[in-house]
1. Given the pairs 146/190; 74/174; 133/186; 119/190; 150/185; 74/133, which span a C-alpha to C-alpha distance of over 19 angstrom in this model?
2. Tilt of helix 139-155 relative to the longest C-alpha principal axis of the chain, in degrees (0 to 90, nearest 10)?
3. Counting heavy atoms of the protein chains only and a 1.4 Å probe, report the per residue accessible area for the chain as a whole number of Å².
4. Would you mind checking the tilt of helix 67-79 against the longest principal axis of the Cα atoms of the chain, expressed as 0 to 90 degrees and rounded to 10?
5. At 1.4 Å probe size, with the rest of the protein present, what percent of the exposed accessible area of the chain is carbon and sulfur atoms?
6. Which label marks the calculated value of Rg and Dmax of the Cα atoms in Å, given the options (1) 17.0, 56; (2) 27.6, 114; (3) 15.8, 47?
7. Roughly how much of residue 47 is accessible, in Å² to the nearest 10, using a 1.4 Å probe?
8. If you add up the charges near residue 18, with Lys and Arg at +1 and Asp and Glu at -1, over every other residue whose beta carbon is less than 15 angstrom from its beta carbon, what do you get?
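The values are calculated or read from the model by the stated rules, or taken from the named source; none is laboratory data. Quantities reported herein were computed from a predicted structural model and do not represent experimental measurements. Positions of Cβ are generated from backbone atoms using ideal geometry, with glycine treated the same way; all protein chains shown enter the neighbour counts. Please note that ligands, DNA and RNA were not included when accessible areas were found on the heavy atoms of the full protein model with its side chains. Shrake-Rupley method; radii C 1.70, N 1.55, O 1.52, S 1.80 Å.
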Amino acid sequence: MLLVMLLFCNSLAAQEKIVNPDISYAGIPRSGVIGGIAVSGVEGYEDYMLTGISGLSIGQKIQVPGSDLTDAVKRYWRHGLFSKAQVAVDSIVGEKIYLHFYLALRPRVSTINYVGVKKSEKEDLESKIGLLKGSQITPNMIDRAKLLAKNYFEDKGYKNADINIMQREDVANKNQVILDVIIDKKEKMKVRQIIIEGNK
């Protein structure tokens, strides 16, 4: 009878639930297996698709904190869809570790305004710089658009053109932004003089 009671107490101790455990990178990592993965902050996508991006699966052995969680967060960032990617441990029950990923989608473009250019130039830019209504906006997309716009005006002789792309929240549409492509072409560069030296 005493042996049965001791085994029962040990079983209860092993299954003790720790809610929102304090995970410190300065402490000793805790080993266990993933008991569950939750995702929040994103609408319009199935949970299994979002959890699949993490590369983690239920029953997988991990350490908390550890490289598995760090790599999972990096996968979300590399995917390019998310402006926020964080992970926390919701609870620990025995050896099972329950994870929670907090995500936020990058906003989509609702409107693109071109300032400082002619209608023909605007039409050319729309076809060249790759900014499209409805697409999700990323820092790389903005940088690429600036570079392509600058190259476009350099080819036309505006070597000092200043390109600025501003984002502002579209208050009429949730999680969407308005892009203002502001262009100051400055003075057009012209060849004033050509000097050839060393020729006889």
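1. As for pairs spanning more than 19 Å Cα to Cα, those are 146/190; 74/174; 133/186; 119/190; 74/133.
2. In the chain, helix 139-155 runs at an angle near 10 degrees to the longest axis.
3. Roughly 68 Å² per residue, with all protein chains present.
4. It is inclined by approximately 30 degrees.
5. That share works out to 52 percent.
6. Here Rg and Dmax of the Cα atoms in Å agrees with entry (2).
7. My reading of the accessible area for residue 47 is about 90 Å².
8. Around residue 18, the surrounding residues sum to -1.
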